[in-house]
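Student: Supplied in structure tokens, the structure appears directly below.
Taken together, the values in this text are just the output of simple stated rules run on the coordinates, not laboratory data. Predicted model only: the values in this text are computed from it and were never measured. Cβ placement follows ideal geometry from the backbone for every residue including glycine, while neighbour counts extend to all protein chains displayed.
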Amino acid sequence: METLEIKTFKTPEELKNFMDEEIGRVRSLMGDYLRRLEEIRVRADRLKKAQAALIKFAGEKQMPALEGREVELPGLRVLVNPGPRQETDTLEEVVKTLQTKLDHMQKIRKALDPLSDFEEGVVTISVVTSDNIPTRMMIHLKP
């Protein structure tokens, strides 16, 4: 569910600073998730090797999956005791979404550069945001 808000900025610089801060926040968040993802991948690899050793030891052709259970609730998927593969898939989805958001925000930020040509006190900028991403801008010129 997206949340729409209207944010008002007194100068183009305030708007650009807002965008820079949001871009920095998303980059930091993505970095944290990428570190977690790497840790989970290492665990998943170790688990896969351990399962292969157990199969070899037990003389079985395969072992039952150790993955957690998934429960569907209205509007929500719940993973109970998720396995490394499920955690990896979930984090990869989040990182991909954040990367898309970051790319989009950087394009918007670059498009804002010409606003610097406005003299101070000449404009007020109202921006409609969805999840802190500008979707519409209203530039109010002051006489």
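Student: Rank 31, 59, 75 by mean-square fluctuation in a GNM of the chain with C-alpha springs under 10 angstrom and give only the top-ranked residue.
Tutor: Result for the chain, Cα springs under 10 Å: 75 fluctuates most.
Student: Can you work out the Karplus-derived ³J(HN,Hα) for every residue in the stretch 40-45? Use 6.51 cos²θ - 1.76 cosθ + 1.60 with θ = phi - 60°, whole Hz, and x for glycine or proline.
Tutor: The phi angles translate into 5, 4, 4, 4, 5, 5 Hz.
Student: Tell me the relative contact order for the chain as a rounded percent, counting alpha carbon contacts under 8 Å between residues six or more apart.
Tutor: Dividing the mean separation by the residue count of the chain yields 40 percent.
Student: Counting other C-beta atoms within 10 Å, and keeping those with at most 15, which DSSP coil trypsin sites (Lys or Arg not before Pro) do you find in the stretch 34-143?
Tutor: 61
Student: Between [x] 1.22; [y] 1.60; [z] 1.65, which entry matches Cα Rg over 2.2 N^0.38 Å as derived from the coordinates of this structure?
Tutor: This structure yields the entry labelled [y].
Student: Quick one: helix 84-111 against the long Cα principal axis of the chain, what's the angle to the nearest 10°, folded into 0 to 90?
Tutor: Once rounded, one gets 20 degrees.
Student: In deg cm²/dmol and to the nearest 500, what is the mean residue ellipticity at 222 nm of the chain if only DSSP H runs of at least 4 residues count, each as -39500 (n - 2.57), divided by the residue total?
Tutor: Using -39500 (n - 2.57) per qualifying helix, the result is -19500 deg cm²/dmol.
Student: Could you sort out which of 7/107; 10/96; 7/96 sit more than 24 Å apart by Cα distance in this structure?
Tutor: On the way: 7/107 19 Å; 10/96 34 Å; 7/96 27 Å.
Pairs exceeding 24 Å: 10/96; 7/96.
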